[in-house]
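Everything below concerns the one structure shown next.
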Amino acid sequence: MSFKKFLQKYFSQKTQPAPAKPPLTMPKLDENYLNPLAKDVNAVYSILVDVMGSEKLVLKAGKLDAIKLLQSKDYKERVLALQKIVFEDPTYETIPEDKEIPVILANVAERIADIIARRNMEEKIEKRIAEKMEENHQDYVSDIRMQILKEEQPEEDSPQAKNNLKKLEELEKINLTQSVMELLRPQSLEEIVGQERAVAALKAKLSSPYPQHLILYGPPGVGKTTAARLVLDSARQEKYTPFAASAPFIETDGTTLRWDPRDMTNPLLGSVHDPIYQGARRDLADSGIPEPKPGLVTDAHGGILFIDEIGEMDEVLQNKLLKVLEDKRAYFESAYYDPTDPGIPQYVRKLFDEGAPADFVLIGATTRDSMYINPALRSRCAEIYFEPLTPKHIEKIVQNAADKLEVKLADKVAQVISEYTIEGRKAINILADAYSLALQENSSSDEADITISLDNIYKVAQVSRLSPFITKKASNKAEQGKIFGLGVAGFIGSVIEIEAIAFEAGKKSHGSVRFNDTAGSMAKDSVFNAAAVVRKLTGKDINDYDIHLNVIGGGNIDGPSAGTAIMTVLISALTNKKIRQDTAVTGEISIQGNVRPVGGVFEKAYGAKQAGISRLIIPKENEKDIPANLLGLEIFPVETAQQALDLLFTADEQL
C-alpha cells in the first residue's frame with residue numbers, strides 16, 4: 001500500500017471525532033519548510049498521536065532519545081525521530097535525505113497499520129472474553145456453591161457403593177499360595193542349570209562400574225529372565241557398580257508393546273494425555289493443560305529394563321527406544337502445552353521442558369534371530385547366547401525341583417521327562433502336574449511320603465498330548481541311501497533324516513528327480529549343485545536315473561547347509577554304497593566340490609547329541625565355532641566333498 005493511499009484510507013475511516021487528548025507541543029515550522037514532505041510528516045505524526053496518545057508518544061520518545069528530534073523545526077530530523085519511535089530502535093542516527101523520506105514514510109505507515117490492526121483484534125478478543133465470562137458466570141457460581149456444600153456436608157456412600165466396597169475388602173483377605181513356577185524358580189545363580197558360560201558373561205557385563213546394554217539370544221525356557229534378575233541382585237551388592245540397593249528391575253514383554261503413531265498411548269516411553277480427548281487430570285483439563293505420563297523407561301531409571309521377546313517389537317518403537325538410550329531422557333510434546341502459561345504446575349513444566357529421566361540398562365531377550373533386531377540398537381548392545389539344554393540338564397532341573405517340592409522321584413522319572421521337552425520351564429510344569437496327580441492318588445498318606453511315579457508322568461503326557469521331543473535316531477549299522485543332516489530353528493538344533501533311491505531311467509538322459517515340495521526352493525537348488533559334484537566324483541549323470549529324494553517327516557530344510565548331505569545320499573543311492581548312521585553332516589556344497597561354512601553349528605551340535613549321534617562333520621571354516629569334544633562329540637572339520645565322503649562311507653566302501 002502506498003503512503004498516500006494509507007493516509008486516505010485512515011482519514012476516511014475516522015467517522016467519529018477522537019476523544020480530547022492533551023496537546024502535544026510541536027514546533028512552528030517556517031513557511032519555507034511547509035513543502036509536501038513536511039505536510040506528510042505532520043500527517044503521520046497526527047495519526048501516531050491518535051493511535052498512541054500524546055503522553056505515550058512523548059514517553060517513548062524520551063526512552064529512545066528522540067525528544068529533541070521530535071521537537072525539531074527540521075522535518076528531516078522529525079522523520080529520524082519517527083524511525084526511532086515507530087521501529088523502537090535507538091540506533092538510527094542518520095538524518096535522511098529528501099529522496100529517502102517517501103520510502104521511510106511508507107515503511108512507517110505500514111508499521112502503524114499493523115499496530116492499528118493488532119489493536120482492533122485485541123479489542124475484539126477482549127470483548128469476546130468479557131461476553132464469555134458473563135455467560136459462564138452463573139455456572140461458575142453454581143459449581144463453587146455445590147463444591148462448598150460437598151465440603152461442608154459430605155455425602156455418604158450409597159448402599160450399593162457400600163456393598164461393593166465390602167465385597168472388595170473381603171476379596172483382599174483371600175490369598176492363594178504362591179504359584180508352583182514361583183516356588184521352583186531358581187533363587188541363586190548356581191541353580192541356573194546348563195548356562196554357566198552365559199551367566200558368567202552376563203555377570204561380567206552387568207557387575208561393572210560401566211554396565212552394558214545387552215541382548216540375550218536363546219531358546220525359550222532356558223533361564224534368560226531369571227538370570228538377568230539374579231545378576232542384578234548380585235550387582236546391587238557390589239560396591240563398584242552404579243546400581244543402588246533399591247535399583248528397580250522392570251520387566252515387560254515386547255509382544256505387548258505397540259507403537260501408536262498418534263503418541264496417545266505409549267506404555268514404554270510415556271505419553272501425553274491432552275485436556276480434551278484423553279482425559280487429563282480434572283484440575284489440569286479444566287485449565288486446558290496437557291498431562292504427561294512417564295513410561296516404563298522412567299520406572300526403570302537407575303536399574304534394569306528387561307524386555308522379553310524384544311524381537312517382536314515394532315521397528316519404529318525400537319528406533320524410539322534407541323533415542324531414549326542415547327539421550328537418557330524421555331521427552332514429551334503436545335500442541336496444548338503453552339510454556340508461557342503461569343498456571344502450569346511445576347512438575348508438568350519440568351517434564352515438557354527437560355524430559356523425564358531414563359538412565360537405565362536395557363536387557364532384551366529373544367528367541368528369534370538377530371535379523372529381527374534393529375541394527376542400530378544391536379550395535380549399542382553386547383550380545384550373549386544362551387545354550388540349548390541337553391537331556392542331562394533337564395534331568396538335573398527336574399531333580400532340583402523335586403527337592404524343593406520335598407517329593408521323591410521313582411527311577412527314570414527325570415529321564416522320561418527329559419524326553420518330552422528341552423525347556424526347563426516345560427519340564428517343571430510336567431513335574432508339577434505329576435505331583436498333583438500323586439497327591440490325589442495318595443490323599444490319605446502324609447505329604448512327606450509322596451513319590452512321583454512313571455505312571456504319573458505318562459498320564460500327564462497323555463492328557464497334555466505330549467510326544468517325545470527327540471527320539472534316538474542314530475545306530476551302529478550302516479545303511480544305503482540314508483543320511484543324517486542337521487538343521488536349526490529358533491536356536492534349537494535338530495537332526496534331519498534324508499533318504500534317496502535311484503532307478504535307471506527307461507530312456508537314457510530322460511531321467512527325473514523328485515524332491516519334497518515342503519523342503520524349500522533352496523534345498524532343491526542344493527540337489528542340482530550336488531548333482532554336478534556327483535558327476536565329477538563318480539562319472540554318473542543323474543539325468544540317466546529316476547531319483548526320488550525324501551526328507552523324512554516332511555520338514556523344511558530351506559537353506560544351503562544340507563548340500564553335503566544331499567550329495568552323499570545321492571552318491572549312495574547311485575553306487576549302492578552304505579553310509580554310517582552314527583554320523584551327521586552339515587555344510588554347503590559348491591559345484592567345485594568344496595564344503596562351505598554354514599550358520600548355527602553350535603546349536604546343531606546339541607541337536608545331534610540328543611539324537612544319539614557320536615560323530616559330527618562340519619565345514620573347516622566353522623571349526624572355531626564350537627569347542628573341541630563339545631558334549632562328547634567327535635568333530636571332523638572338512639574342506640572338500642571327498643574328505644566328507646571318506647568319513648561318511650564305511651571303510652570298505654570308499655570312493
**Asked** For the range 623-652, what are the residues that are surrounded by fewer than 16 Cβ atoms within 10 Å (Cβ to Cβ), touching a Lys or Arg at 6+ places or on another chain (Cβ under 9 Å) and either small (Gly, Ala, Ser) or more than 26 Å from residue 534 (Cα to Cα) (or both)?
**Response** 632, 634
**Fill in**
Note: among 242, 211, 248, just one is buried (at least 18 other Cβ atoms within 10 Å of the Cβ) and either outside the structural domain of residue 368 (by TED's automatic domain parsing) or modelled with pLDDT of 90 or more (or both), namely 211
**Message:** Can you find, within the range 622-653, the residue that is nearest to residue 391 (Cα to Cα) among those that are more than 36 Å from the chain's Cα centre (by Cα) and of a type in the set (D, E, K, R)?
**Reply:** 634
**Message:** I need the helices (runs of 4 or more DSSP H) fully contained in the range 29-99, keeping only those with at least 3 residues that are crowded, with 16+ Cβ neighbours inside 10 Å and in contact with a Pro (Cβ under 9 Å, 6 or more places away or on another chain).
**Reply:** 75-87
**Asked** Which of (1) surrounded by fewer than 16 Cβ atoms within 10 Å (Cβ to Cβ); (2) over 25 Å from residue 469 (Cβ atoms); (3) over 35 Å from the mean Cα position of the chain (by Cα) does residue 619 not meet, given it meets every other one?
**Response** (1)
**Request:** Taking residue 615 as the residue in question, decide whether it is under 26 Å from residue 416 (Cα atoms) and at pLDDT 90 or above.
**Result:** yes
**Prompt:** Which condition breaks for residue 501 when tested against (1) more than 43 Å from the chain's Cα centre (by Cα); (2) of a type in the set (Val, Ile, Thr); (3) not in a strand (DSSP E or B)?
**Reply:** (3)
**Request:** Among residues belonging to the range 171-204 that are at pLDDT below 85 and in a helix (DSSP H, G or I), point out the one that is farthest from residue 361 (Cα to Cα).
**Result:** 171
**Message:** I'd like to know if the range 544-556 contains one or more residues that are surrounded by 14 or more Cβ atoms within 10 Å (Cβ to Cβ), of a type in the set (Phe, Trp, Tyr), at pLDDT 90 or above and not in a helix (DSSP H, G or I).
**Reply:** yes
**Item:** Among the residues listed as 343, 302, 279, 288, the single one being modelled with pLDDT of 90 or more and assigned to a loop (DSSP other than H, G, I, E, B)
**Value:** 302
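The values are calculated or read from the model by the stated rules, or taken from the named source; none is laboratory data. Remember, predicted model here, so these are calculated numbers, not experimental data. Glycine gets a Cβ as well: all are built from the backbone with ideal geometry, and neighbour counts include every protein chain shown.
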